[in-house]
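One structure is given below, encoded as structure tokens.
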Amino acid sequence: MLDANSTPPTVAIIGSGPSGCYTAQFLAKGMPGAEITVFESMPTPYGLVRYGVAADHQGTKGVTRQFDRLFTRAGVRFAGNVAIGRDIDFEVLARSFDAVVLATGLPLDRPLGIRQDAHARVLGAGALLRTLNGYPVDVLGRDDHGRHVSLGRHLAVVGLGNVAIDVLRLLVKPTADLVGTDIDDISLHELRPTPPSTVDVISRSGVERAKCDVAMLRELLALPNAHVEVTGLRPDDCGPAAELLRAHTQAAGAGVSAEHPTQVRLHFGCVPEAIDHRNGKALVRATTVDSQPVELAVDTVITAIGFTHDSADDPSGPTESWSGVNVYRVGWLARGAKGTIAENRRHAQDVAATIIQDFAMGRLQASRPGFRAVGSLLSDRIVDFADWQRIDEAERQSAPPQRCRLKITKLDEMLLVADRKANA
Ligand SMILES: Cc1cc2nc3c(=O)[nH]c(=O)nc-3n(C[C@H](O)[C@H](O)[C@H](O)COP(=O)(O)OP(=O)(O)OC[C@H]3O[C@@H](n4cnc5c(N)ncnc54)[C@H](O)[C@@H]3O)c2cc1C
């Protein structure tokens, strides 16, 4: 607790995803009186909770309600529409605040790293889910009419983690089953005019080491309109995922029908080696663990094999030089693209405890001006929390029937609603 005459510690957090917000929450609790500013490059807060987590998992997105309360607390400020590295130099920020926390996440899909014909259509799951989540930056490309190009009827998904299952679920689910979501219907309709007829899912690992949670598999298997088939499941595979899939394949066997128009084929122990382009199709060449060649001709390949960042091309991506005695890292940026929102909470708690300890031990001094030093440079640009609430309200008010919000998908429109200027 600060006494009335002491200088409040100033902390800048870069990134308002779960790790940034949880860190702010723990710091606000552990250092009452501290001045905490959460900088966010988008005009909207909450990172992948808004633009990653699948639209039909609104329960998970509900974590934003507790973050909303965070920003209405005295001492915690949201400074949206400000990208550190682009709008303010990192060095300026690190000089202006007593402590700086990097919580910038990993924004890009990890590339497959195999030979790929440039004409074959290969998309990242993160980019696809962002688009279906109404991301206001074009990350998938559009045709000459400004529309997203349909993914086609035959798809392959590489990877079988939770993100791959999110993609599968959203692409396979009938539109009528997306009640109560905030999916971007226009993008969904352009990308998937009708649910696909086949989706081949290629998992490098066997079923025992599959990266997805069993609950996610269960949700996939429960989709009323999909027929799921499994290959690469060995008789001696055990564990909950194996049992679930074995039971399902035994019980299924009906094949594709009017009620099950989409066939989802899960291939375990199948290693992709190249993606060629033939007759307008992407040709995925893979090999099974038994050295059997597999060839799949599909319209689009969706990769779901993790996330990374590219600070070489993006000035707002932290480099190694974004460091110093008062600089900390948290969340996906620090630990890699592994783990749920809850795991980021635990990490944020540890990082906040370290910062509080560093102030207590005198390794950090409460002496720098914080937001006062940089706010005036950007004052008419910053989207503050009240501005974000205007965007939030507008999105909720304009939701069509059966949707919980209609996201604004253009940055300039968002800034108009927020009543702020675009970046120069
Ligand atoms: C598709 C997908 C689905 C998921 N589904 C679930 C789920 O259902 N349940 C679950 O628990 N977890 C889920 N996760 C995982 C969860 O989203 C992550 O664990 C979590 O979002 C990581 O938090 P973070 O704060 O480290 O990064 P992020 O959420 O990525 O937040 C980083 C923030 O930093 C901002 N930023 C970046 N650079 C700058 C800069 N220079 N200046 C200012 N701001 C910057 C970004 O705009 C972003 O808002 C999912 C992830 C993905 C990709």
Q) Identify, please: which residue in segment 262-289 is within 27 Å of the chain's Cα centre (by Cα) and open to solvent by 60 Å² or more (accessible area, probe 1.4 Å) and is, among those, nearest to Thr175 (Cα to Cα)? A) Arg265
(Q) Can you tell me which of (1) within 28 Å of Trp332 (Cα to Cα); (2) away from the ligand (no atom under 12 Å from the Cβ); (3) open to solvent by less than 10 Å² (accessible area, probe 1.4 Å); (4) not small (Gly, Ala, Ser) is the one Val122 doesn't meet? (A) (3)
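Hey, can you tell me all the residues within segment 153-177 that are assigned to a helix (DSSP H, G or I) and either within 16 Å of Gly124 (Cβ to Cβ) or touching a helix residue (DSSP H, G or I) at 6+ places or on another chain (Cβ under 9 Å) (or both)? Walk me through how you get there before you give the answer.
Filtering segment 153-177 for residues assigned to a helix (DSSP H, G or I) gives 162-172, 175-177.
Asn162, Val163, Ala164, Ile165, Asp166, Val167, Leu168, Arg169, Leu170, Leu171, Val172, Thr175 - these are the residues of segment 153-177 that are assigned to a helix (DSSP H, G or I) and either within 16 Å of Gly124 (Cβ to Cβ) or touching a helix residue (DSSP H, G or I) at 6+ places or on another chain (Cβ under 9 Å) (or both).
Could you tell me how many of the residues in segment 395-405 are within 13 Å of Leu178 (Cα to Cα) and touching a residue at least 24 places away in the same chain (Cβ under 8 Å)?
Within segment 395-405, residues that are within 13 Å of Leu178 (Cα to Cα) and touching a residue at least 24 places away in the same chain (Cβ under 8 Å) number 5.
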(Q) So, Ser150, is that one open to solvent by 20 Å² or more (accessible area, probe 1.4 Å) and either in contact with a helix residue (DSSP H, G or I) (Cβ under 8 Å, 6 or more places away or on another chain) or within 14 Å of the ligand (Cβ to nearest atom) (or both) or not? (A) yes
Q: Please indicate, with yes or no, whether at least one residue in segment 23-35 is open to solvent by 10 Å² or more (accessible area, probe 1.4 Å), among the hydroxyl-bearing types (Ser, Thr, Tyr) and within 27 Å of Lys407 (Cα to Cα).
A: no
Q: Give me a count of the residues in segment 199-231 that are in contact with a helix residue (DSSP H, G or I) (Cβ under 7 Å, 6 or more places away or on another chain), open to solvent by 40 Å² or more (accessible area, probe 1.4 Å) and in a helix (DSSP H, G or I).
A: 3
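Do we have any residue at all in segment 185-198 that's assigned to a strand (DSSP E or B) and at negative phi?
First pass over segment 185-198, keeping only residues assigned to a strand (DSSP E or B): 198.
Remaining after also requiring at negative phi: 198.
Among the residues of segment 185-198, at least one is assigned to a strand (DSSP E or B) and at negative phi, which makes the answer yes.
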Q.
If Gln58 satisfies all but one of (1) farther than 20 Å from Gly339 by Cα; (2) open to solvent by 10 Å² or more (accessible area, probe 1.4 Å); (3) more than 8 Å from the ligand (Cβ to nearest atom), what's the number of the condition it fails?
A. (1)
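How many residues are assigned to a strand (DSSP E or B), within 15 Å of the ligand (Cβ to nearest atom) and either open to solvent by 30 Å² or more (accessible area, probe 1.4 Å) or not aliphatic (A, V, I, L, M) (or both) when one looks only at segment 91-119? Reasoning before the result, please.
Here is the first cut: in segment 91-119, the ones assigned to a strand (DSSP E or B) are 99-102, 108-109, 115-116.
Restricting the remaining residues to those that are within 15 Å of the ligand (Cβ to nearest atom) gives 100-102, 108-109.
This time we only want the ones that are either open to solvent by 30 Å² or more (accessible area, probe 1.4 Å) or not aliphatic (A, V, I, L, M) (or both), so: 108-109.
Number satisfying all stated conditions: 2.
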Q: Output the qualifying pairs, or none if there are none: Cβ atoms under 6 angstrom, residues six or more apart or on different chains, first residue in segment 110-122 and among the charged types (D, E, K, R), second residue open to solvent by less than 80 Å² (accessible area, probe 1.4 Å) and assigned to a loop (DSSP other than H, G, I, E, B).
A: Arg110/Ile305; Arg110/Gly306
(Q) Return the residues of segment 343-382 that are over 29 Å from the mean Cα position of the chain (by Cα), aliphatic (A, V, I, L, M), surrounded by 12 or more Cβ atoms within 10 Å (Cβ to Cβ) and not in a helix (DSSP H, G or I); say none if nothing qualifies. (A) Leu364, Ala366
Q: Determine which single condition Gly180 fails, assuming it passes every other condition in (1) open to solvent by less than 10 Å² (accessible area, probe 1.4 Å); (2) touching a strand residue (DSSP E or B) at 6+ places or on another chain (Cβ under 8 Å); (3) closer than 15 Å to Lys61 by Cβ.
A: (1)
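The values are calculated or read from the model by the stated rules, or taken from the named source; none is laboratory data. Keep in mind that what you see is a predicted model, and the values were worked out from it rather than measured. With ideal geometry, Cβ positions are generated from the backbone for all residues, glycine too; neighbour counts draw on all protein chains shown. We work out accessible area using only protein heavy atoms, side chains counted, and drop any ligands, DNA or RNA first. Shrake-Rupley method; radii C 1.70, N 1.55, O 1.52, S 1.80 Å.
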